[in-house]
Amino acid sequence: MNSRLTSHATGTRQANRPPVRAILWRWRWVGVALVCAVIVQTSLSSLAAAEVETHSMVIANKDIYAGQLITEGDVTTIETATDIPGTFSHTEEVVGQHLIAPLSADSPILASHILTDTLVQSARPGHVIAAVPIADTGGLSLLSVGARIDLYAPAPKYAEPGQPNTEAELVASDIVIVGLSTEEGQSTFLSEIPDKTVYFLEIPDSEASLILGIGASTPLIAVLSSTAS
């Protein structure tokens, strides 16, 4: 008798228990929601991993010539994914500095492109470093950084009335070249402007005014110094 009751009770419980398939169907949306949550989380993690670090970099926003004093209007800052060694992050780091090499628009400005305070302060006592234009007389290839040169003022194209023509005049001797660059000339239908080389020279204080004064109106002539070793 007890055996029949137990069997009947067991059969009743099994009959009242819902099928497994029905339970899964009832909770199907919970599973879908969990899968979607996993997909979204994975996507967000992938996007975060793919996010690239950017760096601020100062570039020229127009062509800048060698020897030119950099102003606020010459430079701007961009964000770039490439961290180039020797670049600057803020425009105030380069504004007020002299450019050693000419730069075209959109070019990054490197520490090697400007006449830094370190270079200026490296001048020997009693000397200054300044940009001086040098005329191309066919021997510029012999002039390099570290070379010693003699500077000559070119002879005038025309003599003053009543005065004979003169040869080029020696202005300063044994001047050291500490940097150089070339400004590219321009050729048009009406005229042709030749390349102009700008040299950064270590000049004695006593001769700086004369050299810079002549250089402001015409390029000087440079030849290798006879005292160079």
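Within region 81-104, which residues are open to solvent by less than 40 Å² (accessible area, probe 1.4 Å), part of a loop (DSSP other than H, G, I, E, B) and over 21 Å from LEU180 (Cβ atoms)? Passing the criteria: only PHE88. Scanning region 111-126 for residues that are open to solvent by less than 50 Å² (accessible area, probe 1.4 Å) and of a type outside the set (Ser, Thr, Tyr) yields ALA111, HIS113, ILE114, LEU115, LEU119, ALA123, GLY126.
Whether any residue in region 76-91 is more than 11 Å from the chain's Cα centre (by Cα) and closer than 23 Å to GLN186 by Cβ is what I want to check. Taking every residue of region 76-91 in turn, none turns out to be more than 11 Å from the chain's Cα centre (by Cα) and closer than 23 Å to GLN186 by Cβ. One residue stands out among those in region 52-68 that are surrounded by 18 or more Cβ atoms within 10 Å (Cβ to Cβ) and in contact with a helix residue (DSSP H, G or I) (Cβ under 7 Å, 6 or more places away or on another chain): the one that is modelled with the lowest pLDDT, which is ILE64.
Mind listing whichever residues of region 69-80 are assigned to a loop (DSSP other than H, G, I, E, B) and either open to solvent by less than 60 Å² (accessible area, probe 1.4 Å) or in contact with a Cys (Cβ under 9 Å, 6 or more places away or on another chain) (or both)?
ILE70
Restricting attention to region 127-139, the residues that are open to solvent by 30 Å² or more (accessible area, probe 1.4 Å) and within 20 Å of LEU212 (Cα to Cα) total 5.
Screening PRO108 with (1) of a type outside the set (A, V, I, L, M); (2) more than 11 Å from the chain's Cα centre (by Cα); (3) open to solvent by 30 Å² or more (accessible area, probe 1.4 Å) gives one miss only, at (2). Applying the condition of being open to solvent by less than 40 Å² (accessible area, probe 1.4 Å) and assigned to a strand (DSSP E or B) to region 145-162 and asking which residue is modelled with the lowest pLDDT yields ALA153.
The values are calculated or read from the model by the stated rules, or taken from the named source; none is laboratory data. Bear in mind that the values here come from a model prediction, so they are computed numbers and not experimental data. With ideal geometry, Cβ positions are generated from the backbone for all residues, glycine too; neighbour counts draw on all protein chains shown. Just so you know, the surface numbers come from the protein's heavy atoms only, side chains and all, with ligands and any DNA or RNA stripped out. Shrake-Rupley method; radii C 1.70, N 1.55, O 1.52, S 1.80 Å.
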